[in-house]
Amino acid sequence: MRCAENLLSIMWMCIAAFLLGTRLGGCAETANTSELIEFAAADFYEKLHSGKMMFIYFEYKVSPTISLFLVELEKSAEALQDYGILVGKVNCNREVVHTYCTDQRLMHSVFLFRGGKEFLGLDLDTVFDVNSIVSEVLFAILREEVKYVHTDTDLMAMEKAARGKKDIVLGYVHSLGTQEHRSIMETAYVYGSKYQFILITGGPVLKQLGVNESSHSSGVWFLHCRVHSGFTTPMTSERCPVTPMRKPLSTLSLHSFLQLIEAPLVSEVYDDPSTVQPPQFPYQHTPQVFLFSRPVTEHLDLDTATALAWRLRGLAQLLLVHRQSPAVKTPDEYNVAYRLPEKSLDVKYLTLHNMDEVLELFTNEDKAEDKEEGGDEGLEDEEDNAHSGELDDEVAASVYENRGNLLDSDLFTQIRSDNFHTAVARSGLTVVLFYLKWDAVSMAFFSSFIDVAQSLADSEVDDIQMGSVDCGEWTDLCAAQSGAALPVLFQPITAFPTVLVFFPQEPVLHYRGMLGSEALHRFIMLCRFAAPVLLSRQEEVMSFLQDESSQAAGYRPDRVLGLFKAQTDIGVSVFTEAAKSLRGEVMTGLLTDGLAEKWAADHTADLPVVLVFPSWRKQTHPSSLPVSSSAEELLTHINDARLHPMPELTVENLPSFLSLGKSLLLLFVGEEEDEIGHRQNQALVEEMKQVVELGGVRMERYLACWIHLGRTPAGMSVLGSYLGSLPPLPALVHTHSLSGDEVYQYPPSSPIVAPSVLQWLQRIEEGTETPAGMLVEDTWLPEVEFYDFLKIIDMQEPGSAKQRTPEGEEDDNDEEVDEDNVNVEDETWEKAAAVPSYSSAPDTKHNTHSEL
Amino acid sequence: MDLNLLCFILLVLTGCVRSSPNHHHHIEYCVLGAGPAGLQMGYFLSKAQRHYIILERNQGPGSFFNRYPRHRKLISINKIYTGRQNREFNLRHDWNSLLSHEPDLLFKRVSGEFYPPADAFPRYLAMFATELSLRVRYGVDVGRIRAVQSGSGRSYVLTDQNASDYSCSVLLVATGLWVPQTVDFVGSDLVEGYESISTNPDDYRDQAVLILGKGNSAFETAQSILGRASRVHMLSSSAVRLAWQTHYVGDLRAVNNELLDTYQLKSLDGLVEARLEKIVIAKRKEQNHRSCGRKKTERNGKLYLTLTKYVQNGSVVSGEELAGHHIDNFPTRKPYDRVIRCLGFRFNFSVFDGSARLPPSENAKGRLPAVTAWYEGEDAPGLFVLGTASHSRDYRSSAGGFVHGFRYTARAVHRVLEQRYHGNRWPSITLLTTQLLSWILKRVGEASGPYQMFEVLGDVILLRGSHCDYVEEFPIQALPQFSSLSGHEVSSHGLLVLVMQYGKKKIDYLGRSRAETDWTKAWRSNFLHPVLYFYDRLPTDKEMTLRPHSWPLPRPRALHHMIEDFLTEWDGPVSHVQPLRRFLEHCVQTDLRSFYADSCFRLSLTHRKPPLFCRQRYLQQQGVARRHRQPQHAHAAGLIAAERQAGPAQSDPAFPSFLAQAEASVSSGLKLDL
């Protein structure tokens, strides 16, 4: 281990940093903010031939899985650098490194190079995050040093070989590639020359160690195979004495454990236990046990202490106190004392009759503590998070993280109480964001708002004015009390952020879409169209239906056309009202007279009629709706007609489909790599349509829909949550059933064809299918307990927060100052006067100022 | 009555009211006094279009300020530059303006001085009354007030100097305090009063002056003569209380405290304590007939301070009766040229008939009438006390006796009237529960009412599950009567009360540990800071009476202090916002965190229902889009969630944990068996 010494110091620095409040991960990971190193082919060869250790991924095509992996790979670069391993990627699209870039089969692997040649290829399935990368790579490098033991016989042989030479550190991890695995490998890298590291896979070896395999928790045992002089009992047994590590396995705890094993077995002191220093770094959490020694029995006492120390090894430090020292004040009746620095620095004294009681004290304590510790540590973590600087709100956290970035709001008008009317009148369309600086959602959206303003400016749209109102400052404007003569055009703002769109001479429009730049941009662009657009010529209708300006921006809006006999038709006002509230969401057009007749006839409808052209439908086949008596009703119909019967669910559109309250028949498809994949996905979607058609009425309570995991990566974790793991794709799932929380998976082995899907649904309804998972029933109670000030006050100032008892009822707020009898003694006039403020007693009863 | 009313309005409108003797007016609301409180109430009544009249005995508003303070400098802060445009916030530092919807009707229009001249105030009040067209009748000197019980209920009848009667359904007494407070002691007749002393310092040239009182008027007087008088001594029973220590603006303000300096630097001035009842101010008897005439008169002019126990009788004493005779180093053994009484003012109880009696409150030396927590006379329903006279509620603790405080209590009283007599509930704002956090922060950052009337007015938040009703500036001592006074019911979800509070500990006010910065120690904050009380139901009167010592409210179910802030801006994400959010989460028993749309998407598909924020935003199609691809920030959120629910990844969007655990792989190609 060339750099073990160095590394050891690095690690201790990490640990020190950890103890100062930084996360260990932070030390290894966050220091590196650079991108993953990309090697040019030449570089790669140069490094390769220099014999450097390298861990390289050859990137050919980036799918979501790969990009996730690359993020993790980047994170591991810093960690592996400490072990002298270079981490990077080679972009095969730029330069081809032979065989690695050319052999498609190698795309799913990442390679470790050592001594100028390929040392190992790891499948991406085994290296999926920092922990797995670091543990697998170190495991590969330490292949010679760290032994893998499967049976107890093998272990016995290892022990025999190590006896008298090396102590053994035995590790068990319940699965590879975890943080525990990494901790053991990192420790092995550092201590590999000192101890023999052995990794076991469970089974018989665990049984030998007396561990219940089903507990599934990882663990470390220290096997004292090197003969220790302190041993009083000769090692008769074949086996090396074992000290289990009792703390949960982490790099930090493992280091502390090994350090503690190395610490002197018994320390002798001449001070009273109460004045003995508490254990010092790195043992500061280790309990201390004090035994007492008298000169007469000194040797015997030491032997006893050593014997006990062996049994307490890894659990507590043992100190032998020499009673003859005058500093020792402990009464003779006590023979044992201990201190639990995690709880308090107080020393507790006991009178015990045999050593087992001491041990019991600790093992029981330990058990109790273990139990508590699980909770405690969790609590501590929670405390840390709960009561330190960590923000646990993802929006607040991201806003806070970007607090250093000044938001550039030059792109839009700062609207104030005094310029509101002039600002709004200045432009044909004014989009105003009302926000609060301390509202995380406001500020998260503020950035998107700037993006929209920027893109409008870039595309030289000049009929739109963007503006913002800081409601923390212009509180009267936001409360719709301008104070000015002109009326305020909107209701008081009570939700933040709010976006309002002002048109001259028209009611204000409330933006009710996603708080994101794309959706807002789309909304604004559509707002530019009148609602409805008045159409009078055939060409106008055609261009209305095929407007390129919006298509150019990358989306196709839904269009709604109202056809009426005449402008005076009563339906026109209903339609117009509906059109106004749809402004920004869809394009609406109004067509009357002869042209309307013609269009209606073309679509075999009678006037008046409303034609809805959803973006997903062919223009030749709009849905035709009757004109309802009220705008709300018409709106509902229009919105229903806009919904796709077999939609692709996205983050943005899910709410409108969930609100239908139907069971979901959800098809997950993966990202297509090529044209064939694309066609296959399409075929699948078509097959689902078949399911809907074939099922007829039965399918009405289902919403058949699909999620494209490439476009909607959030779907991956949904699928994972349903089934506990990612199944092969495509996967068909039935969830959100009206009757229960069960989630069913369509048999992955059977082909997705309409009749069998329907049969499967039938079986689900009949209750003969086994659910693959469950929806999580969550009451969404607070994630973190609040900081209970009442409890703190009760603890720190007992009684001060208690209701008073009726006897003490005198109203002490109403003190009567001048009635008090102070300083009338002539002699003390001046004296008292020289002590201002506190000397007098404004309150006759309490003799203090109650207001102080 | 209607005819009367019409006639009255007509008279008012034509502006030529000439009340004949025994003419009887019935008015819904009578406001007595056109000082700041009377005009403030007049504004609210006028805004609500109520039938009201303000009666004023003088010919202009705020006549008290034509005379007082005698040395013509107001000590109420007129801070016209705050660096902020927020009108509400700016009122925190504007102690003179009255409330109105007019953004410009502020005191700064009449004066830009930080401590403005007293003359500016009546000018401001006149402007206020004129621009808002308040109905004020000047020259009506009400000498008698009595209550009359009739079929239609209780009313108050006011009789003016011309024996005209005004019958009022509701009487709002805003007469202020203008009767000088006096104390009876031997020789009190030899004492001059603050109300009539000369304000020309030269009249005090080389004189020894004893001032009775240690309040602002006493110190103001002392300060004005420091450069002329030979000695200025100040005497009262209690020691000086400094406003900057007590946070009570009625205590000695630093602007008036020069005498503390000259006392402590031993420049012949001084402070002494004694009960006024025990002192004697006396002239000295002529010693014998041998003295020549001139000396005699000189000595006769001098005033001696001695004690009752040495004096036989009368205010002319012999040498043996002087304190200095008994104690050779008696501090005030030397005679004074003048003794000035500066003991403040008291409420004029005398105009109230037995039927409309207002008993003096127990505090404030009985100078103020006792009123309920909503400022109604204890035994006089329909009679409310406004302005300085209403200060018994928060005497020596908050700002209810001062313009910058009682302008808000007047508004609270008006809201009580609207609810009681017109069935208009207190104004409230309905908020989504997920918006409450931001709204509280908004109020905490700008609200001037709870800031000025700390520990007296508080915002009440009625929790109702997914939404809540926010009621501003309720007099919290009246919390047990909240429902009847405000017209708002409290639901089983309980309520929150937001109050601003100072710390109650005696500390070294300029010392190093005067302020806390660690939010977990917020309850030890010494400076003004927001405190939230959570109750699951309204506290009872008894609980209110038995509340913990020095607390404004009874022990709540849960309590939250927001750490004091040097800039009084309580919007730090870590120190202020998150702890508050967790407190609110505890009170509403719901996760109130916000989530990005993709998280809501996931939570909506994997849960029966997503968290409240997703329900109130995302599911209403207003999800918060993640801007670009943000690196995973909220590690903590992910960790905590994953730990607690031990389920699949909750909040870590970048890397779901099941990917790590399961051996499954995302197959990128499709295995279709079609």
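The values are calculated or read from the model by the stated rules, or taken from the named source; none is laboratory data. Here the structure is a predicted model, which is why all the values come from computation and not from measurement. With ideal geometry, Cβ positions are generated from the backbone for all residues, glycine too; neighbour counts draw on all protein chains shown.
With respect to being within 9 Å of chain B (Cβ to nearest Cβ) and in a strand (DSSP E or B), A:Ile707 fits the description. The criterion of at least 1 residues that are closer than 30 Å to A:Ile415 by Cβ is met by the following helices (runs of 4 or more DSSP H) wholly inside the stretch A:489-568: A:517-527, A:548-552.
Between A:Gly670, A:Gly696, A:Gly724, the distinction of being away from chain B (no Cβ under 11 Å), farther than 30 Å from A:Ser581 by Cα and small (Gly, Ala, Ser) belongs to A:Gly696 only.
Applying the condition of being more than 7 Å from chain A (Cβ to nearest Cβ), of a type in the set (A, V, I, L, M, F, W, C) and touching a Leu at 6+ places or on another chain (Cβ under 8 Å) to the stretch B:591-621 and asking which residue is surrounded by the most Cβ atoms within 10 Å (Cβ to Cβ) yields B:Cys614. Residue check: B:Phe384 meets all listed conditions (1) buried (at least 23 other Cβ atoms within 10 Å of the Cβ); (2) more than 23 Å from B:His488 (Cβ to Cβ) but one, namely (2).
Scanning the stretch A:452-482 for residues that are crowded, with 18+ Cβ neighbours inside 10 Å, within 14 Å of chain B (Cβ to nearest Cβ) and in a helix (DSSP H, G or I) gives A:Val452, A:Ala453, A:Thr475, A:Asp476, A:Leu477, A:Cys478.
For A:Pro295, the criteria (1) touching a Pro at 6+ places or on another chain (Cβ under 8 Å); (2) assigned to a loop (DSSP other than H, G, I, E, B); (3) not hydroxyl-bearing (Ser, Thr, Tyr) hold in every case but one, which is (1).
Condition check for A:Glu672 on (1) at pLDDT below 90; (2) touching a His at 6+ places or on another chain (Cβ under 9 Å); (3) crowded, with 20+ Cβ neighbours inside 10 Å; (4) of a type outside the set (Ser, Thr, Tyr): one failure, at (3).
Could we say that A:Leu433 is away from chain B (no Cβ under 12 Å), within 11 Å of A:Phe496 (Cα to Cα) and over 27 Å from the mean Cα position of the chain (by Cα) here? Yes. Remark: A:Gly715 matches the filter, which requires a residue to be of a type in the set (Gly, Ala, Ser), more than 13 Å from A:Ala772 (Cα to Cα) and buried (at least 22 other Cβ atoms within 10 Å of the Cβ).
How many residues does the stretch B:425-439 hold that are at the interface with chain A (Cβ under 10 Å from one of its Cβ atoms) and touching a Phe, Trp or Tyr at 6+ places or on another chain (Cβ under 8 Å)? Residues meeting the conditions: 7.
Taken together, the residues in the stretch B:526-571 that are free of Cβ contacts under 8 Å to residues at least 24 places away in the same chain and within 18 Å of B:Ala447 (Cβ to Cβ) amount to 1. The conditions of being more than 24 Å from A:Thr475 (Cβ to Cβ) and either more than 14 Å from chain A (Cβ to nearest Cβ) or modelled with pLDDT under 95 (or both) are not met by B:Lys108.
Scanning the stretch B:323-341 for residues being away from chain A (no Cβ under 14 Å) and not aromatic (Phe, Trp, Tyr) gives a total of 5. Scanning the stretch A:673-686 for residues that are closer than 23 Å to B:Leu605 by Cα and facing another protein chain (nearest Cβ under 9 Å) yields a count of 2. As an exercise: evaluate B:Met562 against (1) facing another protein chain (nearest Cβ under 10 Å); (2) buried (at least 20 other Cβ atoms within 10 Å of the Cβ) and give the number of the one condition it does not meet. The one condition B:Met562 does not meet is (1).
For the stretch B:347-366, a residue qualifies if it is within 15 Å of B:Ala174 (Cα to Cα) and assigned to a loop (DSSP other than H, G, I, E, B), and the qualifying residues are B:Phe347, B:Asn348, B:Leu358.
Being at pLDDT below 80, farther than 23 Å from A:Leu359 by Cβ, among the charged types (D, E, K, R) and surrounded by fewer than 18 Cβ atoms within 10 Å (Cβ to Cβ) holds for only one residue in A:Lys207, A:Lys166, and it is A:Lys207. The one condition from (1) touching an Asp or Glu at 6+ places or on another chain (Cβ under 7 Å); (2) polar (S, T, N, Q); (3) within 20 Å of A:Ala444 (Cβ to Cβ) that A:Thr475 does not meet is (3). Listed conditions (1) among the small types (Gly, Ala, Ser); (2) part of a strand (DSSP E or B); (3) out of contact with any Ser or Thr (no Cβ under 8 Å at 6 or more places or on another chain) are all met by A:Ser573, apart from (2). When restricted to residues that are small (Gly, Ala, Ser) and touching a His at 6+ places or on another chain (Cβ under 6 Å), the stretch A:737-791 contains 0. Among the residues of the stretch A:504-524, none is identified as away from chain B (no Cβ under 14 Å), within 11 Å of A:Glu585 (Cα to Cα) and without any contact (Cβ under 8 Å) to a residue 60 or more places away in the chain. State yes or no: is A:Ser536 touching a Phe, Trp or Tyr at 6+ places or on another chain (Cβ under 9 Å) and either modelled with pLDDT under 85 or over 22 Å from A:Leu634 (Cβ atoms) (or both)? When the stated conditions are applied, A:Ser536 does not pass them.
Considering every residue within the stretch B:225-248, establish whether at least one is surrounded by fewer than 20 Cβ atoms within 10 Å (Cβ to Cβ), charged (D, E, K, R), within 30 Å of the chain's Cα centre (by Cα) and not assigned by the TED database to the domain that holds B:Asn526. No: the stretch B:225-248 contains no residue that is surrounded by fewer than 20 Cβ atoms within 10 Å (Cβ to Cβ), charged (D, E, K, R), within 30 Å of the chain's Cα centre (by Cα) and not assigned by the TED database to the domain that holds B:Asn526.
If you go through the stretch B:69-115 and keep only what is in contact with a Lys or Arg (Cβ under 8 Å, 6 or more places away or on another chain) and among the acidic types (Asp, Glu), you end up with just B:Asp94. For the stretch A:742-757, indicate whether the set of residues that are of a type outside the set (A, V, I, L, M, F, W, C) and under 30 Å from A:Asp393 (Cα atoms) is non-empty. For the stretch A:742-757, residues of a type outside the set (A, V, I, L, M, F, W, C) and under 30 Å from A:Asp393 (Cα atoms): present.
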